[in-house]
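Working notes for the structure below.
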Amino acid sequence: MQAMSNNLPPDSSATATRVSDLLTPSRSLCQVPGGGKKRIFELIADVLGSDRDEFHPDELVSGMLAREKLGSTALGNGIAIPHCRLSDCDSPCGVLLSLSSGADFDAPDDEDVDLLFALVVPSEATQEHLNLLADLARLFSQTEFCDALRNCRSNEALFKTASSWAAGTQ
C-alpha cells in the first residue's frame with residue numbers, strides 16, 4: 001500500500017478527536033514481543049481489561065479471532081488494524097502496539113506486522129465502526145507517521161507521537 005499523503009486527511013480534526021478519544025497512555029505499548037495473533041489478541045484483551053472493567057478478555061479474544069477469520073486485518077507495509085464489536089463495550093476504544101519482532105497477519109504483501117491499532121466498538125456502532133476504521137486506515141497509510149511510531153522507544157513516546165501526529169502537531 002502506498003502512502004496516501006504526507007499531510008493529514010481532509011477531516012483531520014475528526015481523526016485527531018477520535019484518536020485521542022480511543023487511546024490512552026496505558027493502552028500504548030512500545031516494542032512488545034511479537035508472536036501469533038492469539039497471543040497478541042490476549043495481550044490486547046489484558047490491556048483493555050485492566051483499563052476498562054466492562055471487558056471480558058475471553059470475549060475480546062474470540063471477537064478478534066472471529067473477525068480475523070473473515071479476512072486479514074493487515075493493510076500491508078507492516079500495519080494491521082484488528083477490530084471487533086462487543087456487546088459489553090460502552091464506547092469505542094483502542095490499543096496501539098509496536099512490536100519488537102513482526103507477527104504474521106496474512107498481510108496482502110506477505111510482510112510481517114509490527115504496528116497494530118486494535119479497535120473495539122459497541123456491537124450496535126456499525127457506521128461509527130466503519131468511520132473509525134477509515135480514519136485509522138488513512139492515518140496509518142502515511143509512511144512518515146508509521147516511521148515515527150517505529151522510532152519510538154517508550155510507551156509514553158508512542159502515545160505522544162500518535163496523539164500529536166493525529167492532532168497535526170508533530
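So the values come out like this:
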| quantity | calculated |
| --- | --- |
| Of the GluC sites (Glu not before Pro) in the stretch 52-138, those whose Cβ has at most 16 other Cβ within 10 Å and which sit in DSSP loop | Glu54, Glu111, Glu124 |
| Carbon + sulfur, % of accessible area of the stretch 28-78 - ligands and nucleic acids excluded, 1.4 Å | 52 |
| The chain - mean residue ellipticity at 222 nm from DSSP helices (-39,500 (n - 2.57) per run, n ≥ 4, rounded to 500) | -14000 deg cm²/dmol |
| Those aspartates and glutamates that a straight Cα-Cα span of less than 20 Å connects to Lys160, excepting residues fewer than 8 apart in one chain | Asp21, Asp51, Asp114, Asp135, Glu144, Asp147 |
| Computed Kirkwood radius, in angstrom, where 1/r is averaged over Cα pairs of the stretch 124-164 | 11.3 |
| For the stretch 76-140: rounded, prolate or oblate by the Cα gyration tensor [a/c cutoff 1.5] | prolate |
| Eligible lysines near Lys69 by straight Cα distance, threshold 16 Å, same-chain separation 8 or greater | Lys37, Lys38 |
| Reported label for calculated P(r) over Cα pairs in 5 Å bins from 0, in percent given [x] 1, 7, 12, 14, 11, 9, 8, 5, 4, 4, 3, 3, 3, 3, 3, 2, 2, 2, 1, 1, 1, 0, 0, 0; [y] 2, 9, 19, 24, 23, 16, 6, 1; [z] 1, 8, 14, 18, 19, 16, 12, 7, 3, 1, 1, 0, 0 | [y] |
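The values are calculated or read from the model by the stated rules, or taken from the named source; none is laboratory data. No experiment lies behind these values; they were computed from the predicted model shown. Note: ideal-geometry Cβ built from the backbone for every residue, glycine included; neighbour counts use all protein chains shown. The area values use the complete protein model at the heavy-atom level, side chains included, leaving out ligands, DNA and RNA. Shrake-Rupley method; radii C 1.70, N 1.55, O 1.52, S 1.80 Å.
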